[in-house]
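The values are calculated or read from the model by the stated rules, or taken from the named source; none is laboratory data. The shown structure was predicted, so the numbers you read here are calculated from the model rather than taken from an experiment. Here the Cβ positions follow ideal geometry from the backbone for every residue, glycine too, while neighbour counts run over all protein chains shown.
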Amino acid sequence: MFVSMKRTARSFSSGNWAGKARTFLPLLAGLLLCGFALAAAGRRVATVEENLHRQANPVEVVVASMQIPAGDTFSLQNLAKKAIPSSGTGQRNVPASDFELLVGARAKTAIDPGEPVLWTDVEEPYDTDAFSGTVHPGLRAMTLGVDPTSSFAGMLHPGDRVDLLVERSGASSTDWVRNIPVIAVDRDHNRLAHPSDKEETATVTLMVTPGEGSRIARASGKVHWFLRNPGDNAAAAQGPPADPMASRAVEVWKGGVKVPPIVAAKEIRE
């Protein structure tokens, strides 16, 4: 009787565990499948992010780490480096490699935190405007090679004005091109910010009209340079004043009567 009861209890216990196993087995399988799905999704997301990152080709640029008001000085405290997609950058962005160049310069405009710093946001002398912007509309820049004589021993500066005497056909004829502005000497085009300390000048850039440039370019002989006073706007140099005595007529009086000029000239010759 006792043995029969133990067998009955064991049988009941085994049936109970079997029932529980049948109940939890689908749940366990679902959890395993869910884990596999999450792992696969994670790998897929990582792959997509990696592809997007590769396609974006990020580059590091300089950004504002805090609000920078206009006129404030750039420093290590208000600047930072940040990687952004190359598609969102341009030539005006300051690359991270030029971070140190900004330190000490001043902001031309206000920059919000996190915003990229552009070269156009920086005050002088870090101006990056193209040299071509200094050429007035309708005029042209023309560069000529010079020697110590034509560069006035290196004393020619941007802002000066010159006259050019162009020889043609072996000096048989000449042509004047007057009052030409000098806009650059070698690579210096700002008289105040870039004073030239070199003793020898290789090139001078002038601002000319297309007609003036054509006349200078057609020179077959030497070009003679003449430096003007900046305040001299005359078309041509004035010669010495005429002698007032040389142009005064000689009056001849005879017996208290003025002799006509023709008769007076005849009597003077006689």
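Take the conditions part of a loop (DSSP other than H, G, I, E, B), at pLDDT 60 or above and either under 35 Å from the mean Cα position of the chain (by Cα) or of a type in the set (D, E) (or both) and apply them to D243. Does it pass? When the stated conditions are applied, D243 does not pass them. Does the stretch 127-142 include one or more residues that are surrounded by 11 or more Cβ atoms within 10 Å (Cβ to Cβ), out of contact with any Phe, Trp or Tyr (no Cβ under 7 Å at 6 or more places or on another chain) and over 30 Å from A217 (Cα atoms)? Yes, some residue in the stretch 127-142 is surrounded by 11 or more Cβ atoms within 10 Å (Cβ to Cβ), out of contact with any Phe, Trp or Tyr (no Cβ under 7 Å at 6 or more places or on another chain) and over 30 Å from A217 (Cα atoms). Take A70 and decide whether it is surrounded by 14 or more Cβ atoms within 10 Å (Cβ to Cβ), among the small types (G, A, S) and in contact (Cβ under 8 Å) with a residue 24 or more places away in the chain. So A70 fails the test.
Of all residues in the stretch 91-110, count the ones that are outside any loop (DSSP other than H, G, I, E, B) and among the polar types (S, T, N, Q).
First, pick out the residues of the stretch 91-110 that are outside any loop (DSSP other than H, G, I, E, B): 93, 95-102, 106-107.
From what's left, among the polar types (S, T, N, Q): 93, 97.
Residues flagged as outside any loop (DSSP other than H, G, I, E, B) and among the polar types (S, T, N, Q) within the stretch 91-110 amount to 2.
Among the residues here, T149 qualifies as more than 20 Å from the chain's Cα centre (by Cα), modelled with pLDDT under 85 and polar (S, T, N, Q). Looking across the stretch 67-90, the residues that are assigned to a loop (DSSP other than H, G, I, E, B), touching a strand residue (DSSP E or B) at 6+ places or on another chain (Cβ under 8 Å) and of a type in the set (S, T, N, Q) come down to Q67, N78, T89.
Identify all residues within the stretch 115-135 that are assigned to a loop (DSSP other than H, G, I, E, B) and modelled with pLDDT of 90 or more; write none if there are none. Those that are assigned to a loop (DSSP other than H, G, I, E, B) and modelled with pLDDT of 90 or more: E115, V117.
Considering the stretch 160-183, the residues that are acidic (D, E) and surrounded by 16 or more Cβ atoms within 10 Å (Cβ to Cβ) include one that is modelled with the highest pLDDT, namely D163.
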